[in-house]
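The values are calculated or read from the model by the stated rules, or taken from the named source; none is laboratory data. Values in this document were obtained by computation on a predicted structure and should not be read as measured data. Positions of Cβ are backbone-derived with ideal geometry, glycine not excepted, and every protein chain shown enters the neighbour counts.
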Amino acid sequence: MMFNQRLVTIKPRLAMYSQSSLVRAPHPGLAKASRTLFCTLLAFMSLASPGARAQDEASEAAIRSIIADQVVAWDAGDGPRYAKHVAPDVSFTNLFGMVMYGAPAFEARHSQILSTFYKGTTKKHVVRRIRFVTPDVAIVDIDNEVHGVKTMPAGIVAPTDGVIKTQLMEVFARRKGEWWIEAYHNVDLKPSTASP
């Protein structure tokens with residue numbers, strides 16, 4: 001008799017767990033929380049996997065390489081090379097507030113400034129942060145300095161120390177395995193707004 005009572009007690013418990021592939025929680029809210037926690041942990045584990053970290057490191061290295069190449073191109077006064085990695089429909093805002101669209105406009109503007117008031121200047125880029133919004137989109141914040149500035153366009157005072165400091169934000173997107181600059185937004189730092 002005792003054996004039958006135990007069997008009767010076990011059967012309802014087994015039935016409770018066999019109704020779903022997941023273990024049922026005693027309360028519907030807990031079941032939802034358990035599924036959410038499980039999905040979150042699964043997503044985290046996939047992001048924290050060595051393959052994902054290696055991909056992030058490779059992506060970051062590729063982006064940093066493009067940024068380093070921009071410095072080399074600027075220092076050489078090479079507008080076309082400076083524009084080499086901009087997307088065909090790039091959105092570009094310069095430190096004077098001029099907004100332009102497209103790679104041809106970006107290249108033309110940089111060729112112009114590198115042959116006039118920025119001729120002979122050098123650039124220093126310090127990457128402040130690279131944030132991957134998705135595995136194929138990254139926002140890059142750069143502390144940017146242009147050294148050796150002697151003249152500026154009419155109405156703009158050349159800095160007495162010859163250094164223009166800006167905050168440059170570049171938005172990168174990867175297409176067919178290549179990283180492209182989709183947006184380039186440059187804001188000058190006023191003397192009272194030195195970076196923290």
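What the table below lists for this structure:
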{"quantity": "Checking residue 131 against (1) farther than 30 Å from residue 57 by Cβ; (2) loosely packed, with under 15 Cβ neighbours inside 10 Å, the condition it does not meet", "calculated": "(1)"}
{"quantity": "Filter result for the condition that a residue is small (Gly, Ala, Ser), surrounded by fewer than 18 Cβ atoms within 10 Å (Cβ to Cβ) and in contact (Cβ under 8 Å) with a residue 60 or more places away in the chain, over 115, 91", "calculated": "91"}
{"quantity": "Count of the range 164-184 residues which are of a type in the set (Val, Ile, Thr) and modelled with pLDDT of 95 or more", "calculated": "2"}
{"quantity": "Qualifying residue in the range 178-185 (condition: small (Gly, Ala, Ser) and touching an Asp or Glu at 6+ places or on another chain (Cβ under 9 Å))", "calculated": "yes"}
{"quantity": "In the range 137-164, residue nearest to residue 91 (Cα to Cα) [restricted to those that are exposed (fewer than 13 other Cβ atoms within 10 Å of the Cβ) and among the charged types (D, E, K, R)]", "calculated": "150"}
